[in-house]
1. I want to confirm something. Restricting to the range 41-53 and keeping residues that are part of a helix (DSSP H, G or I) and under 19 Å from Glu9 (Cα atoms), which single residue is most open to solvent (accessible area, probe 1.4 Å)?
2. Taking the condition under 30 Å from Pro38 (Cα atoms), of a type in the set (Lys, Arg), in contact with a Leu (Cβ under 8 Å, 6 or more places away or on another chain) and in contact (Cβ under 8 Å) with a residue 60 or more places away in the chain, does Arg168 pass?
3. Could you tell me which numbered condition Trp115 fails, if it satisfies all but one of (1) part of a helix (DSSP H, G or I); (2) crowded, with 24+ Cβ neighbours inside 10 Å?
4. Looking only at the range 1-24, count how many residues are closer than 30 Å to Pro114 by Cβ and crowded, with 16+ Cβ neighbours inside 10 Å.
5. Quick one: count up the residues across the range 167-213 that are closer than 28 Å to Tyr263 by Cβ and not β-branched (Val, Ile, Thr).
6. Among the residues of the range 69-89, what is the count of those that are within 25 Å of Cys27 (Cβ to Cβ) and out of contact with any Ser or Thr (no Cβ under 7 Å at 6 or more places or on another chain)?
7. Looking at the range 27-40 only, could you name the residues that are more than 14 Å from Ser81 (Cβ to Cβ) and buried (at least 20 other Cβ atoms within 10 Å of the Cβ)?
8. Please go through the range 182-195 and give me each residue that is crowded, with 16+ Cβ neighbours inside 10 Å and assigned to a helix (DSSP H, G or I), ordered by number.
Amino acid sequence: MTTIETRGEHASFGGRTGFYGHHSEACDGGMRFAVYTPPQAANGPVPVLYYLAGLTCTEETFMIKGGAQRHAAEHGLMLVSPDTSPRDANVPGEDEDWDFGTGAGFYVDATAEPWSRHYRMYSYVTQELPSVVGQNFPALPDAAGVFGHSMGGHGALVCALKNPDLFRSVSAFAPISAPTRVPWGEKAFAGYLGDDGAARRSYDAGELVREHPFPDGREILVDQGLSDGFLEEQLRPGALEEACAASGQPLTLNRREGYDHSYYFISTFMEDHIRHHAAALKPA
């Protein structure tokens, strides 16, 4: 059983918001994560919804700013939010840029040096973290969903498309929809994955959905603010829309007039996303 360190816990909407740390085998170092345990967990295990945050964020950002605990308590969902990268891994250059390295793991398993030893966020999110949560919290083992914002929206889409049996539902706020074709993704993938074009495409949601849409026809939910300053250069939701149309993948893409890239936008539509996941994860 993985030992976790409790860094802080707070009563919240009848449940508990907690912040934890542990040694990560995937990332070969310390990792941090946050968990909201809803009041229903007092009576037995509950479904789990993982949230992947965006560039520069930490495991605390979503729990503080997302406004999700009230809705999770209503629907009996556990919320889990990992940090966005390893911290203090002593990788040369990890703290030089805000959009690469610390706080910018991009939810991939790095294969290029010197990143490949520690920057393995894909394996952390899809394998190690679910195991740690299952060992230490009252989580239903076969009822998990994933969502996220920006870089984390990219991560949520990729993790769900590559692991449809692990994550039964998926949604995203302003995801980086075509990372192989935008500056943020090109920079990160070049650094973490080198020149391996196949590896880069394997972490691009648009490429994945063209080849492997969900076989059970489940819906992808995306919300995108039309006043988002990163919309055209970095996010390109139209690329995901085109890929879903080509492959027959059900997609609801809500274009929200007047909303930007911030947590004001995210918290406004959080209830819709919690309901989306609750409907998919509720016990039969």
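1. So in the range 41-53, the residues part of a helix (DSSP H, G or I) come out as 41-43.
When the remaining residues are screened for being under 19 Å from Glu9 (Cα atoms), the result is 41-42.
Values: Ala41: 16, Ala42: 92 Å².
Among those residues, the one meeting the criterion is Ala42.
2. Against the criterion (under 30 Å from Pro38 (Cα atoms), of a type in the set (Lys, Arg), in contact with a Leu (Cβ under 8 Å, 6 or more places away or on another chain) and in contact (Cβ under 8 Å) with a residue 60 or more places away in the chain), Arg168 qualifies.
3. Condition (1) is where Trp115 drops out.
4. So the count comes out to 6.
5. 26
6. 7
7. Within the range 27-40, the subset more than 14 Å from Ser81 (Cβ to Cβ) is 27-30, 38-40.
Matches in the range 27-40: Cys27, Pro38, Gln40.
8. Those that are crowded, with 16+ Cβ neighbours inside 10 Å and assigned to a helix (DSSP H, G or I): Trp184, Gly185, Lys187, Ala188, Phe189, Gly191, Tyr192, Leu193.
The values are calculated or read from the model by the stated rules, or taken from the named source; none is laboratory data. Worth saying up front: this structure is predicted, and the values here are computed from it rather than measured. Note that we place each Cβ from the backbone using ideal geometry, even for glycine, and neighbour counts take in every protein chain shown. What goes into the accessible areas is simple: the full protein's heavy atoms, side chains included, and nothing from ligands, DNA or RNA. Shrake-Rupley method; radii C 1.70, N 1.55, O 1.52, S 1.80 Å.
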